[in-house]
1. Given charges of +1 on the Cβ of Lys and Arg and -1 on the Cβ of Asp and Glu, with all other atoms neutral, how large is the dipole of the protein assembly as shown about its Cα centre, in debye to the nearest 20?
2. Across peptide A:181-188, how many C-beta atoms of other chains are within 10 Å of each residue C-beta, on average?
3. Rank-order B:111-122, A:70-81, B:128-139 by packing density, defined as the average count of other C-beta atoms within 10 Å over each peptide's residues, highest first.
4. Which value, in square angstrom to the nearest 100, describes the accessible area buried between chains A and B on both sides, using a 1.4 angstrom probe?
5. Can you pull a Stokes-Einstein diffusion coefficient for the range B:100-203 at 10 °C (1.306 mPa s), Rh from Kirkwood over Cα pairs, as a whole number of µm²/s?
6. Place +1 on the Cβ of every Lys and Arg and -1 on the Cβ of every Asp and Glu in the range B:31-76, take the dipole about the Cα centre, and give the residue among B:Leu37, B:Gln53, B:Ser73 whose Cα lies farthest towards its positive end.
7. Step by step: find N for the range B:30-106, compute 2.2 N^0.38 Å, then divide the Cα radius of gyration by it. What's the final number?
8. Grab the beta carbon distance between A:Gln82 and B:Ala166, set R0 = 45 Å, and tell me the FRET efficiency rounded to 0.05.
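The values are calculated or read from the model by the stated rules, or taken from the named source; none is laboratory data. Being a predicted model, the structure only gives us computed values, none of them experimental. In this analysis, Cβ positions are derived from the backbone assuming ideal geometry, glycine residues included, and neighbour counts consider all displayed protein chains. Ligands, DNA and RNA are excluded from the accessible area calculation, which covers all protein heavy atoms including side chains. Shrake-Rupley method; radii C 1.70, N 1.55, O 1.52, S 1.80 Å.
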Number of protein chains: 2
Amino acid sequence: MSSNARAIDFYFEFASPYGYIASQLAEDFERRVGRPLKWRPMLLGPVFKITGQPPLIDIPLKGAYAKLDFARSARLHKVPYQHPAKFPIGTVAACRAFYWTDDQDPAKARALAKALYRAYFAEGIDIGTAQGVVAVAKSVGIDGEKLASALEDPALKARVFKEVEAAVAAGVFGSPFFIVDGEPFWGVDRMPMIEDWIRSGGW
Amino acid sequence: MSSNARAIDFYFEFASPYGYIASQLAEDFERRVGRPLKWRPMLLGPVFKITGQPPLIDIPLKGAYAKLDFARSARLHKVPYQHPAKFPIGTVAACRAFYWTDDQDPAKARALAKALYRAYFAEGIDIGTAQGVVAVAKSVGIDGEKLASALEDPALKARVFKEVEAAVAAGVFGSPFFIVDGEPFWGVDRMPMIEDWIRSGGW
């Protein structure tokens, strides 16, 4: 793909099964649309405070459907999926680790994000703690000690807070959420629609 | 399509833009999957009381996206769409009119449902009142006087109440909602997935 092709914003929450599936489809998607994704993890907790929504899984009727659909969507896309014993979890440490890594090496940050997602949704690892995040980070070649101390850095904490604010300002309310030249698309099941949108120039 | 092919339950709410779009795609969909849809209008009001959800349009962030996506989804499917001035509306009269007609003539009930949807979402007609519903019903050849008096029949009111209860018991929490041999699918954007599911036998 052309290196100056405009990036598509790819917002996601590390505790989101649909975000996980999208992350596993990302490279293939980029190749097909010929544009890069800018990975922007965010936190649905603060967003749900604004939208007044409980976690999806806690909504009567919808929660049961969601649980069935997480696994069904994973099977459709041939992505390994094992519903986590503890779900959802807080993902602020995962988010901080991503942005800390991203500032140094975006490719490594992406590898970290994919590893965190796989750990949580396919390998039964709790990524809700700093220790869990550091262990996964080490597995992709990140310096665990440096990361562990960075996770407590107030500047990094503020950075993640600002990223979440920016996501909300852009209208993001779910995961995954894509913004293509200002046009918002919510959901992994909308990825084919985004492809059509880009190919056709929109409708 | 084979007349004894098993029907797919097609639940919808008359004030749902996505239900409207699905209704306009219904015949084409039936031809492609080779199975008939059983049209089952329901009321999202009582369902939202159970799920604790406000109307989609009232949810911060999500409401703005929904409004954009209603029109965008309609353009994608080449369905005329004009966001109603009064939205959402109560659709209990529309629902009653459907089931009253369905008991006599299912094909006419389907024609009525499509006409009600077009009236509300393409022609700026308020179908939230018995008068509005009767006017649309007359336009598809239904006896307006008989319908107007039937709309006040306690047995018909109870019938609609039971249909909504049955929808909730089946796990329906949104519109459109399809159930294929026990497998639930929510959303007009899942219709291609349903086709794949039926063609492949599921996954």
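1. Using only the charged Cβ atoms, the result is roughly 300 debye.
2. The shielding value for this peptide is 2.
3. B:111-122, B:128-139, A:70-81
4. In total, this chain pair buries about 2900 Å².
5. After rounding, the answer is 100 µm²/s.
6. B:Leu37
7. Ratio of Rg to 2.2 N^0.38 Å for the range B:30-106: 1.37.
8. Plugging the Cβ-Cβ distance into 1/(1 + (r/R0)^6) gives 0.85.
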